[in-house]
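Quick note: the coordinates plus some simple rules give every number you see, no bench work behind them. The structure displayed is predicted, hence computed values, not measured ones. All Cβ positions, even for glycine, are placed from backbone atoms using ideal geometry, and neighbour counts span all protein chains on display.
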Amino acid sequence: MARKSSTPLSKKSSRQTPDEGVRGYTIKVKYPLQRKIALVTGTTQGIGLAIARALAIEGCHLALCGRNESRLRQVQTELSRRKVRVLTVPCDVRDEQNVEEMVTAVRREFGHIDILVNNAGIAHPNQTVSQLPVKQWNEVIATNLTGMFLVTSAALPLIKRGAVIANNLSIAAKRVFPGSSAYNASKHGALGFTNTLREELRDRGIRVIAFLPGATDTALWDVFWPEAPRNKMVSPATVAQAVVNALKLPAESTIEELSILPASGTL
Ligand SMILES: NC(=O)c1ccc[n+]([C@@H]2O[C@H](COP(=O)([O-])OP(=O)(O)OC[C@H]3O[C@@H](n4cnc5c(N)ncnc54)[C@H](OP(=O)(O)O)[C@@H]3O)[C@@H](O)[C@H]2O)c1
């Protein structure tokens, strides 16, 4: 069931100074994302949660989803303290009906979407093509590729001129890592999807960002390389800041592709 916080949309952010309250332009320049509506998928942990936190600091109202309901409740409680409205909806992005219900909840609560961040994703244990079970392959493709398509196509009617869609891909969208065939294929496919979407939406004034992080210190690594050197990875907060900076650009400009990597390179 969808949960929402009680702060009304019209309520001013506690960060606003009286001066900013009078001079709307100052607010726009300082907090260009303030009162924008952002839908972020996969926000119960990791990069998605870090992006939700960073957007809340910017004053964005949030619609958040994931499958883990108790984590979603915790995230709702945490981010509502930022004086932004937070709608959390349990949703499995692999499930078309689930996704439609989630977008319906967003439409009822907010009416439109200014920012869509397709972030939900999974990895799989390091297995060669001859070892990888088809069930594993299907789950990764359904989540990382089809899930991105389902959420985007359901959300598009709510997305208008000036909005931004940021798809969290990976450097695995452009290069391959042996033992990660389903992950690599899902991300290569998601880059093709993202680039196509950008051209389809260009005339409508909707920008599409292909976001390609390198190794980021999240639970994802427990799945395919538990011993990976965490100290060399980028933090999810840093990755989130890079996305938010890209989202802040004015409507006439865009970063079409954004890579952020550990300074030491790939692991
Ligand atoms: N960590 C990295 O090094 C790295 C690098 C490049 C790109 N990425 C990408 O960043 C994204 C987030 O990964 P992460 O590293 O933050 O991993 P994570 O910590 O495991 O977080 C994954 C998030 O996705 C959600 N999710 C997974 N399957 C879902 C589904 N079927 N429906 C809805 N939500 C789902 C999870 O929530 P629930 O379990 O509650 O559903 C969780 O909130 C992924 O797309 C990943 O490929 C990660």
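Just tell me the longest site-free run in the chain, where the sites are GluC sites (Glu not before Pro) in a DSSP loop having at most 11 other beta-carbon atoms within 10 Å. That gives 1-226 as the longest site-free run.
Give the calculated FRET efficiency between Asn195 and Asn231 to the nearest 0.05, with a Förster radius of 35 Å applied to their Cβ-Cβ distance. That gives a FRET efficiency of 0.55.
Whole angstrom only: what separates the Cα centroid of segment 148-184 from the Cα centroid of segment 189-238? Cα centroid of segment 148-184 versus Cα centroid of segment 189-238: 8 Å apart.
May I ask you to sort Ser180, Ser80 by Cβ crowding, counting other Cβ atoms within 10 Å and putting the fewest first?
Listed from fewest to most nearby Cβ atoms, that is Ser80, Ser180.
Roughly what percent of Cα-Cα pairs across segment 25-135 reach past 25 Å? Roughly 27 percent, rounded to a whole number. Alpha-carbon geometry of segment 140-210: the Rg and the Dmax are 12.7, 41 Å, given in that order.
If each Cα of the chain is one equal point scatterer, what is log10 of I(q)/I(0) from the Debye formula at q = 0.10, 0.11, 0.16 Å⁻¹? Taking Cα atoms of the chain as identical point scatterers yields -0.48, -0.58, -1.25. Among residues other than Ala38 with Cβ under 13 Å from its Cβ, the summed charge is +3 (Lys and Arg +1, Asp and Glu -1).
Think of it this way: in the chain, Cys60 stand alone, with no other Cys Cβ under 4.7 Å.
Give the whole-number value, in cubic angstrom per residue, of the convex hull volume spanned by the C-alpha atoms of segment 158-257.
Dividing the Cα hull volume of segment 158-257 by its residue count gives 110 Å³.
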